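In what follows, a structure is listed as structure tokens, so that the remarks can point back to it.
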Amino acid sequence: MIVYAMVVSHEQSGDLSPAAVSYTSGFYQIPVIGISSRDAAFSDKNIHVSFLRTVPPYYHQADVWLEMLSHFGYTKVSLKPRSKS
């Protein structure tokens, strides 16, 4: 059987991570596509050699928010936590 790539995600309520899939696939040189992994650790190409993601890591999103707040001159920001359903 030939594997061209693996698509991984993680459970919203569990402790499981796509890291194990990434480590194993990296050993066999199989690309991994993370569809919901936002952890910065997956950006380390020394460990996660062929990990691709469809969403940006959190720190990129934070940079964009800070630039936007600075651009518009906001001095106060209120954040509301997401409700769990």
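Farthest toward the positive end of the dipole of the chain, out of Ala40, Val55, Ile2, is the Cα of Val55, where the dipole comes from beta carbon charges about the Cα centre.
Build a GNM of the chain with springs between Cα atoms under 10 Å apart, and of His48, His71, His60 the one that fluctuates most is His71.
The residues of the chain expose on average 85 square angstrom of accessible surface per residue, using a 1.4 Å probe on protein heavy atoms. Of the residues Ser43, Ser25, Ser70, the one that moves most in a GNM of the chain with alpha-carbon contacts below 10 Å is Ser70. For the chain, the dipole from Cβ point charges (+1 on Lys and Arg, -1 on Asp and Glu) about the Cα centre works out to 280 debye, to the nearest 20. Calculated from DSSP H runs of 4 or more alone, at -39500 (n - 2.57) each and per residue, what is the 222 nm mean residue ellipticity of the chain, nearest 500? So the helix-based figure for the chain works out to -9000 deg cm²/dmol. Within the chain, the chymotrypsin sites (Phe, Trp or Tyr not before Pro) that combine a DSSP coil assignment with at most 13 other C-beta atoms in a 10 angstrom radius are Tyr4, Tyr28, Tyr74.
Of the accessible area of the chain, computed with a 1.4 Å probe over protein heavy atoms only, carbon and sulfur atoms account for 60 percent.
Less than 5 angstrom separates the built amide H of Val7 from those of Ile33, all sequence-distant by 5 or more or on a different chain. The Cα atoms of the chain cover 56, 31, 17 Å along the three principal axes, with the biggest extent listed first.
The values are calculated or read from the model by the stated rules, or taken from the named source; none is laboratory data. Bear in mind that the values here come from a model prediction, so they are computed numbers and not experimental data. Backbone-built Cβ (ideal geometry, glycine too); neighbour counts: all protein chains shown. With ligands, DNA and RNA removed, areas are computed over all heavy atoms of the protein, side chains included. Shrake-Rupley method; radii C 1.70, N 1.55, O 1.52, S 1.80 Å.
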